[in-house]
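Take a look at the structure below.
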Amino acid sequence: MLRLHNTLSNTEEEFRPLQEGAVRFYTCGPTVYDYAHIGNFRTFVFQDLLRKYLVYSKYHVVHVMNITDVDDKTILNARKSGMTLRDYTARYTDAFLEDSRKLRIDPPDIMPRATDHIPEMVALIRSLEEKGYTYRKDGSIYFSISRFPGYGRLSKADFSGAQAGARIDSDKYDKENARDFVLWKARKEGEDYWDTEIGPGRPGWHIECSAMSMKYLGESFDIHCGGVDLIFPHHENEIAQSECATGMPFVRYWVHPEFLIVEGEKMSKSLGNFFTLRDLLAQGHSPEAIRYLLLSVHYRKQLNFTTDGLRQAQSSIQRLEDFVLRMKERGNDGEPSPEFAAEISRARKRFKEAMDDDINTSAALATVFDFVRMVNQRDTQSPIPPNDAAAAVEFLQEIDGVLSILRQQPELLDEEIAKQIEARQAARKRRDFAEADRIRAWLLSQGIQLEDTREGVRWKRL
RNA sequence: GGCGCCGUACCCAAGUGGCUAAGGGAGAGGUCUGCAAAACCUCGAUGCAGCGGUUCGAAUCCGCUCGGCGCCUCCA
């Protein structure tokens, strides 16, 4: 059974969904004001992994991820680029989906955009107004945290004394309490706005997640995921809004992946260590290596993202790919021997145990490498027969359905490449090694590495 | 100032009270090979930042010290 660390209780809990066999899963998606950076993708890769593991564990999963397409930054950037908000955010939404695809992140089942759900947000705000949780000031509507006793439960902060001791915060929104947050922002000159029954303006950031998650997943749902930085204030505020509006517990399990740092320092544009996925791919790193590095460290631990780490990740993946390649050569017929099938069951069990333990990816990867070494050892003693080899490949692919780190190598070579390999073999046969070496070097320059083995020549793409 | 995380071999990284401290990368040795590379196998910390303490027993619990990082404001 899966155990997950729940931020609400600050402990690991057994995961039991509200409805047996089904998981209602919400993840905070990107604000589409620019290309997503590698830190964003740590969180998104983790969420994808969690989702895939839930599916692997036979749950029916409904995954909702929002797109925040209206906020200060999107409005500002759209205006700077002379585009409409809609066109501008559509461009970066597409870019985000394309980047996600490269990292083998599955698209969510439902991907609602904030601007498509203004009526739902307005309804939620009205309901909060009717229940007396809000106040208005200059056309904006604020949520008063002092009226929600549970405020601070998620972030473990005590706000009960905040009012008395709070400095009068004379910021632009004129809140009663410094921690109060805006549900609806009054229309400002030159900014996008919506004419609604609660007045002209635009939604605050927090309300969109409450409105959209509850619309698609119900007033109570199972898992809500987002980076640690969202615990406060974003998720704290979501709980306040949602629970005050519905009187129901909002989310059962809050799961928060830690931050990523780059080369030992916080990623920031001023330090010059700020990378988008596109930057890294342009530098020649493979998406698989990036994904591997992102998920090789437990999600609740800070991850130090380095070029050396990427290099190591690439080598680690290579080991697994070489294994699959070698086993595939053995052919594919028949059922595995009972003994080998038992080895696979054992490996699968160990993999699940690691993943069940709060998604312990480091330990899970270790079980995969253990399996590979075990098979290789046997293979060294006496060659693995085709039936067992095929089962081994199938098992690795099963695991990769969760991890998604193995490249799908094209099975076929270009004709030209195939010809050259043959030509080299011929040259070797007539002991024209100069020619053979020339061809080998040429192939390498084409990204094809040859391995001369007892069984013959093998190629692989680098 | 308040809250929190981390420090395990050359590098990355599991393990959080009890068998020989996972796994990967790099390195060394071996197998194979025309050579080379690749691949595969083998090896690798008597010790877990330091110092004290609790315990029959600690990397794992407690205290102190040193070092690194994060959050408390927009942020994945």
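For the residues A:GLN420, A:GLN449, the requirement of being surrounded by 15 or more Cβ atoms within 10 Å (Cβ to Cβ) and touching a strand residue (DSSP E or B) at 6+ places or on another chain (Cβ under 9 Å) singles out A:GLN420. In the range A:328-365, the residue that is farthest from A:GLN302 (Cα to Cα) out of those that are of a type in the set (Ser, Thr, Tyr) and away from RNA strand B (no atom under 13 Å from the Cβ) is A:SER337.
The criterion of at least 3 residues that are of a type in the set (D, E, K, R) and on the phi < 0 side of the Ramachandran plot is met, among strands (runs of 3 or more DSSP E) falling completely within the range A:9-66, by A:11-14.
Of the residues making up the range A:306-327, just one is more than 9 Å from RNA strand B (Cβ to nearest atom) and more than 26 Å from A:TRP459 (Cα to Cα), namely A:THR307.
Pull up the range A:124-150, narrow it to residues that are buried (at least 17 other Cβ atoms within 10 Å of the Cβ) and of a type in the set (Gly, Ala, Ser), then point me to the one that is farthest from A:LYS185 (Cα to Cα). By that ranking, first place goes to A:SER144.
Under 21 Å from the mean Cα position of the chain (by Cα) and free of Cβ contacts under 8 Å to residues at least 40 places away in the same chain: does that describe A:ASP400? Yes: the conditions hold for A:ASP400. Would you mind telling me which numbered condition in (1) under 21 Å from A:LEU124 (Cα atoms); (2) among the hydroxyl-bearing types (Ser, Thr, Tyr); (3) touching a strand residue (DSSP E or B) at 6+ places or on another chain (Cβ under 6 Å) A:SER242 fails? Checking A:SER242 against (1) under 21 Å from A:LEU124 (Cα atoms); (2) among the hydroxyl-bearing types (Ser, Thr, Tyr); (3) touching a strand residue (DSSP E or B) at 6+ places or on another chain (Cβ under 6 Å), the one that fails is (3).
Annotation: of all residues in the range A:47-63 being of a type outside the set (Val, Ile, Thr) and over 15 Å from the mean Cα position of the chain (by Cα), the one that is surrounded by the most Cβ atoms within 10 Å (Cβ to Cβ) is A:TYR59.
Since every read-out is calculated from the coordinates, none of them should be taken as a lab result. Only a predicted model underlies this, so the values are computations on that prediction, with no experimental measurement involved. Neighbour counts are summed over all protein chains in view; Cβ atoms, including those assigned to glycine, are modelled from backbone coordinates with ideal geometry.
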